[in-house]
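Working notes for the structure below.
The values are calculated or read from the model by the stated rules, or taken from the named source; none is laboratory data. Worth saying up front: this structure is predicted, and the values here are computed from it rather than measured. Note that each Cβ is placed from the backbone with ideal geometry, even for glycine, and that neighbours are counted across all protein chains shown.
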Amino acid sequence: MKLQNILGISAGFHDAALTLINDHGDIVFAGHSERYSKQKNDENLSLGLLHEITKYNVQHIAYYERPWAKQLRQLYAGQGIEWNKLTAKQILTSQIGQEFDAFPSDRISTHNHHLSHAAAGFQTSPYERATVVVIDAIGEWDTVSIWGAEYDRKGRAQYKRLWRQRYPHSIGLFYSAVTRRIGLHPLDEEYITMGMAGWGRNTWYHDMREHVIANESDIRLKQNFHTGMSDDFLVGSSNENIAAAAQMVAEDLIRQVMIRARNFEFSSNLVYMGGVALNCSANRMLGEYFENIWIMPCPGDAGSSLGAAALALGRRINWTSAYLGHDIPGPYPVNGLLDRLLTEQIVGVASGRAEFGPRALGNRSLLADPRGSEIKEKVNEIKRRQQFRPFAPVILEELADMYFDMPRGFHNSRYMQTVARCRHPELFPAVIHVDGTSRVQTVPKDGSGIRELLEKWYVMTGCPMLLNTSLNIRGEPMVNDRADADRFEKLYGVKVCS
């Protein structure tokens, strides 16, 4: 019997992506447009991305938000209406043309933005019942939402919205406004703001709370941060101190959302989604409120391409790993990587299917020995990054607790979902941030290439971890195919094994 395929799409705002699933709930492919167009956070679907799925017959298209509702909110915000973006078909046809022009409108469904986030998380989670929290910059109108999610007797996913906050009161817009204020790119470099916060002092925290929060428990803010940040009170403050204050205020607000979510007593399982869920520094507190935590590795809008497809399917998705994108075939180059790590200390890897999500997890990674005091500076120089930026350790999962004080609720951190304090920071200076924490990636006994590499590295060196960062240059997307890897080698003089 021929499988029926559903194509989920997120496009038209930032970081366009698509996900193809079949009617068994298998993820056939998921990828980001930027990896093909080479334009960071590309909002449009690229033909290269679409060519990955041309051999599959698509019976249904699911779009991650409701364009008409978004247009109404933009009208309310004074942005006007874009009459050519009132339907998903208009948006997709304007981007790609004939690829979508002939697709029947009755086979295109649109889904609420926050519900798409929720479904991407819940329907890939291991839970039968969960409290779902979505925090992002903005959907159509919602900026925070809390859901009760469960499967009915027929295995259909059911969602009940328990609470929401609406535009313009937004934790995500606040954090993006701060990102712009300190000279970075909003909706892209918030993770740099998070890293910079570790270098700041909390001297501006109380001032920022006073100028930002109107009602903490209801997540009501004094400014519409969509239009920027009124920052006269910050005159004389350094960017590092502004970032530190913003991180603390954001954590205060996130904490209030989690308290509210817990108090509904729907489930002790938490599914956390939306772009703010990528703030792994804030995530370490989640275990104070929930016993079990699932954050899908692509919780932002790109991941909602999977969420929309999941809603159209209506059942559990068969989640196996984040390796869902473009394939560079061949065995994982374990021995080649080991040789380079032992002699050069730094090596790239581009092998197998690319990761879905913003974080490299071993298939499109720059790897290094975490023990050298000079390694962090060398890798930052290669990647053209600011020297204050931290790097992540990737570690054998069964040994993680020996080296890191893993937060409550995180039984693992397979997708770099949280930070943890290192128990022996003096031994691994390349992966310890200035505040003593590391964004940990744990690797289970899953037969993956990165697992085999870590096992052999541990036997040879006694070190159970490696430094792991994305194989890209600042401002550019991650390496996707072998041609990208060859370019990286040529420009930056670092061997990339496939």
Would you mind finding the one in G172, G183 that is surrounded by fewer than 17 Cβ atoms within 10 Å (Cβ to Cβ) and under 25 Å from the mean Cα position of the chain (by Cα)?
G183
Just a yes or no: is a residue in the stretch 88-98 over 24 Å from M273 (Cβ atoms) and of a type in the set (D, E, K, R)?
yes
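Yes/no per residue for (1) among the aromatic types (F, W, Y); (2) crowded, with 24+ Cβ neighbours inside 10 Å; (3) not assigned by TED's automatic domain parsing to the domain that holds Q256:
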{"position": "A277", "(1), (2), (3)": "no, yes, no"}
{"position": "A282", "(1), (2), (3)": "no, yes, no"}
{"position": "M285", "(1), (2), (3)": "no, no, no"}
{"position": "E288", "(1), (2), (3)": "no, no, no"}
{"position": "S305", "(1), (2), (3)": "no, yes, yes"}
{"position": "A309", "(1), (2), (3)": "no, yes, yes"}
{"position": "R316", "(1), (2), (3)": "no, no, yes"}
Any chance the stretch 200-222 includes a residue that's among the acidic types (D, E) and touching a residue at least 40 places away in the same chain (Cβ under 8 Å)?
yes
Could you tell me whether E52 is more than 15 Å from S304 (Cα to Cα) and touching a Lys or Arg at 6+ places or on another chain (Cβ under 6 Å)?
no
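Quick one: which residue in D484, D446 is assigned to a loop (DSSP other than H, G, I, E, B) and either in the same structural domain as K38 (by TED's automatic domain parsing) or of a type in the set (D, E) (or both)? Can you show your working first?
Numbers: D484 fails: assigned to a loop (DSSP other than H, G, I, E, B).
The unique qualifying residue is D446.
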Residues in the stretch 331-381 that are more than 18 Å from Y492 (Cα to Cα), among the basic types (K, R) and under 21 Å from the mean Cα position of the chain (by Cα) total 2
Number of the exception - D301 against (1) crowded, with 24+ Cβ neighbours inside 10 Å; (2) touching a Phe, Trp or Tyr at 6+ places or on another chain (Cβ under 7 Å); (3) assigned to a helix (DSSP H, G or I)
(3)
Using the structure shown, decide if V494 is farther than 21 Å from R35 by Cβ, outside any helix (DSSP H, G or I), among the aliphatic types (A, V, I, L, M) and touching a residue at least 24 places away in the same chain (Cβ under 8 Å).
no
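Sort through E150, E210, E140 and tell me the only one that's more than 30 Å from E476 (Cβ to Cβ), assigned to a strand (DSSP E or B) and among the acidic types (D, E).
E150
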Scan of the stretch 318-350 for residues that are modelled with pLDDT of 95 or more and acidic (D, E), ordered by number
D327, D339
Sort out for me the helices (runs of 4 or more DSSP H) sitting completely within the stretch 1-118 that have 3 or more residues that are over 29 Å from S170 (Cα atoms), modelled with pLDDT of 95 or more and touching a strand residue (DSSP E or B) at 6+ places or on another chain (Cβ under 8 Å).
none
Does A420 satisfy being small (G, A, S), in a helix (DSSP H, G or I), buried (at least 22 other Cβ atoms within 10 Å of the Cβ) and modelled with pLDDT of 95 or more?
no
When the stretch 167-188 is checked residue by residue, the ones that are more than 16 Å from A214 (Cβ to Cβ) and either in the same structural domain as G78 (by TED's automatic domain parsing) or β-branched (V, I, T) (or both) are V178, T179, I182
